[in-house]
1. In percent, what relative contact order does the range 7-126 have, based on Cα pairs under 8 Å that are 6 or more apart in sequence?
2. Suppose only helical runs count, i.e. DSSP H with n ≥ 4. What mean residue ellipticity at 222 nm does that imply for the chain under -39500 (n - 2.57) per run, divided by all residues and rounded to the nearest 500 deg cm²/dmol?
3. Which residues make up the longest stretch of the chain clear of GluC sites (Glu not before Pro) that lie in a DSSP loop with no more than 16 other Cβ atoms within 10 Å, not counting the sites?
4. Of all the stretches in the chain, which is the longest one without any exposed loop site, taking chymotrypsin sites (Phe, Trp or Tyr not before Pro) in a DSSP loop (any state but H, G, I, E, B) with at most 13 other Cβ atoms within 10 Å?
5. Over the range 183-233, how many percent of alpha carbon pairs lie in each 5 Å bin up to the one with the longest distance?
6. Using only Cα atoms and rounding to the nearest 10 degrees, what angle (0 to 90) does helix 16-29 make with the longest principal axis of the chain?
7. Quick one: go through the range 35-49 and flag any residue whose amide nitrogen is under 11 Å from the point 7 Å out along the Cα-to-Cβ line of M1.
8. Output the relative contact order of the chain, whole-number percent, from Cα pairs under 8 angstrom with separation of 6+ residues.
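Computed from the coordinates by the stated procedures, all read-outs in this text should not be read as laboratory data. All figures in this text were calculated on a predicted structure; none of them were measured in a lab. Cβ sites come from the backbone with ideal geometry, for glycine too, and all protein chains shown count toward neighbours.
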Amino acid sequence: MLRKRIEKLPDNHPVKPQCLLYLAHLYGINGNPKEDVLLLRHVLKLERERGDDNKVARVLGDLSRSNLLLGSREEGIDQVREAMEIYERLGQTMGRARCLHTLAGLLWADGQLDAAKEAIFEAFELLPEKGEEPDVCMSHKILGDIYHSQGEIEKAVYHFKLALGITFSPRNRYCSAYSLYMIHSALAWIFLDVGRLNDAQFHNEQAKSLSLNDSHQLARAVLVQALIYRDQRRLEAAASEALRAQGIFEKLGSLKAVEDCKTLLQNIEDLKPCFQILEFLKLLVQCLKNFKLLREIEEATESLTPSDESDTNAPGASSSTPHDHSPAGFQS
């Protein structure tokens, strides 16, 4: 109802772009990046027509972040680079630094790891030592993602935990649930990859508790839970969580994530015969162990049972030569 009323306003209405922007952010906060992007495109068109470069750059930055969530990486990269050019022309250092965060995230998601690392190091150079803790925090988180993808696990965990520490720093007055979610989610993924399933479970539970008001974040946490269950060989539970994540992603229009869920479900189905054979082999090994133990018991029992020869030679035992028990005088 509210959206229709705002969209019916004439494009030259002074507050229409701002109202659409707030509405787009509401969709984003509630985990619906698809509708968020549609509204932001409308806002971008209006701001371009009005010629306000600062607002154009801001909307481009918002659009690029939403496209990152949707998996539209090429479009997002183009948008954030245009925003960076505007901020550089306007001399706004922090605007450019925040765009570098987004650019690094998009490049990382697109597999351009060296370019992503270059972007995040440039962001570090632009950020002040104090006063911008949320941005420093997310820079460390993104750098951790890049190291994770490069297989440098220790460096990745170091930067994730550093980001977590900054998030809880007294100087960080803007500690957000989103930042905490992103860091816990990243730690869950990396511990899952190295087989530390208990640590992965802990951080994923933390991420899930922080994502209750964001459908996209919740879906990601549910997907990670499915992967944890798979690696724990709890295949039925894994399939259930994967289907749940797929359903949420379908409602959000996250097509790439939907395909990831379908791939996981197929992987779980492929693993079922393997795990059944493995369980059979484990049972067979246990049976063989039980059989071996039974033989050992039988052998031990036999060693404790006296033989016939030992019985006859025992004190008081009868001689092997038969005695003559006939009465006296009856001998032949």
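1. Averaging sequence separation for qualifying contacts and normalising by length gives 17 percent for the range 7-126.
2. Result for the chain, helices only: -26000 deg cm²/dmol.
3. So the longest stretch without any such site is 153-332.
4. 1-167
5. Going out from 0 Å in 5 Å bins, the range 183-233 shows 5, 27, 35, 21, 9, 2, 0 percent.
6. Helix 16-29 sits roughly 10 degrees off the main axis of the chain.
7. Residues passing the 11 Å test: none.
8. The value is 10 percent.
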